[in-house]
Every structure is written in C-alpha cells, then in structure tokens.
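What follows is a set of notes on a single structure, which appears directly below.
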Amino acid sequence: MDIFDNIIVCRDCNKETDRTIANKDGFKLRSFTCPNCNKIWIHPKDEEDYNEFIKLRSKPFKVKLRYVGNSYIVSIPREIIEFEDIERRLNKIIEMSLEEPGKLTLLFSRVRKFY
C-alpha cells in the first residue's frame with residue numbers, strides 16, 4: 001500500500017489534506033496540501049527521485065566522442081541510464097535534436113504514472 005492511497009490530516013489545523021500534484025523542474029510530484037493553512041507535503045519516494053535528479057544535474061560528466069562506422073558515438077554515464085531506467089529499453093529509438101549551436105538534446109521519454 002502506498003502513502004498516497006491514505007488520508008493525511010494536517011497536524012497544525014487538524015484538517016484533511018487534498019491530494020495534489022506539485023511541479024518542480026519538470027517533475028510531477030505527488031503531494032498533500034492542507035486546504036486551510038496551505039502547507040504542502042511531498043510524497044517521500046517522489047522527493048527521493050527529485051533529489052537524485054538534482055544531484056545528477058549538478059554533476060558535470062565528461063564523455064568521449066568516438067567515430068564508429070558512419071556515425072559518431074557518445075557514451076552516456078551509467079548513473080544517467082539507471083536514473084532514467086533506460087536499460088530495459090535498449091535498442092529502442094530515442095529522440096535527439098540540435099536545440100541551438102553547441103546544444104544537443106536526447107529525449108528518453110520517461111513516463112511516470114502516478115494516478
């Protein structure tokens with residue numbers, strides 16, 4: 001059973017909280033919001049995932065650009081692959097685009113289903 005399936009009561013004003021979704025840096029975090037005092041509590045697992053993302057985002061990675069066949073290859077650090085849960089999707093197509101000069105974006109399409 002998940003904490004999000006339960007009723008949570010605000011300790012300060014003794015009111016039942018509402019289940020809400022908080023958005024932070026593109027993350028949809030399950031949360032509880034008190035309708036009386038507007039305090040917000042983030043789901044512990046979602047907060048853990050978000051904190052892991054912040055840690056990875058602030059860590060600079062140096063990767064090697066190689067030439068294989070007719071293509072260039074860049075290795076993606078294991079920490080990013082594990083965080084994005086990509087291992088089960090190996091050999092599948094991901095999106096890549098040139099956002100602006102000097103900025104290449106890979107889109108892994110990580111989908112989180114909370115509700």
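Every read-out reported here was derived from the displayed coordinates using simple, explicitly stated rules and does not represent laboratory data. Since the model is a prediction, treat every value here as computed from it, not as a measurement. All Cβ positions, even for glycine, are placed from backbone atoms using ideal geometry, and neighbour counts span all protein chains on display.
Computed values, structure above
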quantity: Relative exposure of Tyr72, Tyr50, judged by other C-beta atoms within 10 Å (fewest first); calculated: Tyr72, Tyr50
quantity: Modelled FRET efficiency - R0 30 Å, Ile76 with Glu16, Cβ distances, 0.05 increments; calculated: 0.10
quantity: Normalised contact order of the stretch 1-57, rounded percent, pairs of Cα under 8 Å and 6 or more residues apart; calculated: 24 percent
quantity: Rounded FRET efficiency, nearest 0.05, which uses the C-beta distance separating Leu98 from Lys55 and R0 of 30 Å; calculated: 0.65
quantity: Fewest-first sequence of Thr33, Thr105 by Cβ atoms within 10 Å of each Cβ; calculated: Thr105, Thr33
quantity: Percentage relative contact order, the stretch 60-109, counting C-alpha pairs under 8 Å, at least six apart; calculated: 21 percent
quantity: Prolate/oblate/rounded call for the chain, Cα gyration tensor, a/c under 1.5 rounded; calculated: prolate
quantity: Percent RCO, i.e. relative contact order, over the chain, from Cα pairs under 8 Å lying at least 6 residues apart; calculated: 12 percent
quantity: Selected from Pro44, Leu56, Val9, residue furthest toward positive end of dipole (the chain; charges at beta carbon); calculated: Leu56
